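Chemist: One structure follows; several queries about it will come next.
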Ligand SMILES: C[S@@+](CC[C@H](N)C(=O)[O-])C[C@H]1O[C@@H](n2cnc3c(N)ncnc32)[C@H](O)[C@@H]1O
């Protein structure tokens, strides 16, 4: 098993070798920092991974849990076809002007619906309205990942992709001596999804670790 420093070395190599961030994505990061908000948008290598994945799957309708400053939502909107749409959910009202302002500045506001609500409540509402999606990005409350995943499955079209971020937590999830809440939540999630016969699953070392579940 690789240790944490090997994990970081590999990550650094991938970032330096093949990650790509258009200028306006750097501006989104800067806007988050300037607003005094903890900058926890996905890394450039995760963005590149998601770019390739979205293009490969041909996904059109994306549901995201965790908007923050809009980095990943705007990334998705910039990749999916013109007829596609992104719905993104965040429970923190302070992030709404920032994320919506970034979407406006980058020209993607019409392609993104911003929902300000608790992730589980918003997913329940969307499911009750009969909404369906072909790509899900789970990046909000770590303790709710299994519940987000179940709601995602209930709204997934066959062949849909469910991607969960931070599932290796800086490479610490495999270390039995690490027992913080998010690490235990990520272990529970990875085990739950890996045993689920409704999906094909892989855990990747991209970014902070991403778990991919493709709905059968
Ligand atoms: C890591 S950030 C999302 C980053 C974003 N996906 C990106 O890469 O640009 C996590 C976000 O989840 C949101 N969040 C945390 N708990 C939540 C909950 N219960 N419901 C909805 N959003 C939540 C936080 O407010 C925060 O903005």
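Chemist: If you go through segment 7-31, how many residues are under 22 Å from residue 169 (Cα atoms) and in contact (Cβ under 8 Å) with a residue 12 or more places away in the chain?
Modeler: Adding up the residues that qualify gives 9.
Chemist: Can you tell me which residue among 131, 140 is surrounded by fewer than 17 Cβ atoms within 10 Å (Cβ to Cβ), touching a residue at least 40 places away in the same chain (Cβ under 8 Å) and outside any helix (DSSP H, G or I)?
Modeler: Exactly one residue qualifies, and that residue is 131.
Chemist: Here's a follow-up. Of all residues being assigned to a helix (DSSP H, G or I) and in contact with a strand residue (DSSP E or B) (Cβ under 8 Å, 6 or more places away or on another chain) in segment 96-113, which is nearest to residue 30 (Cα to Cα)? Just the residue, please.
Modeler: Out of the qualifying residues, it is 99.
Chemist: Can you tell which of 82, 160 is away from the ligand (no atom under 15 Å from the Cβ), touching a strand residue (DSSP E or B) at 6+ places or on another chain (Cβ under 8 Å) and outside any helix (DSSP H, G or I)?
Modeler: When all the criteria are applied, what remains is 160.
Chemist: Only one residue in 96, 125 is within 12 Å of the ligand (Cβ to nearest atom), over 30 Å from residue 10 (Cα atoms), at pLDDT 95 or above and surrounded by fewer than 18 Cβ atoms within 10 Å (Cβ to Cβ). Which one?
Modeler: That would be 96, the only listed residue that is within 12 Å of the ligand (Cβ to nearest atom), over 30 Å from residue 10 (Cα atoms), at pLDDT 95 or above and surrounded by fewer than 18 Cβ atoms within 10 Å (Cβ to Cβ).
Chemist: Do we find a residue being within 9 Å of the ligand (Cβ to nearest atom) and without any contact (Cβ under 8 Å) to a residue 24 or more places away in the chain anywhere in segment 105-114?
Modeler: Within segment 105-114, not a single residue is within 9 Å of the ligand (Cβ to nearest atom) and without any contact (Cβ under 8 Å) to a residue 24 or more places away in the chain.
The values are calculated or read from the model by the stated rules, or taken from the named source; none is laboratory data. Quick caveat: nothing in here was measured; it's all calculated off a predicted structure. All Cβ positions, glycine included, derive from the backbone under ideal geometry; neighbour counts span all protein chains shown.
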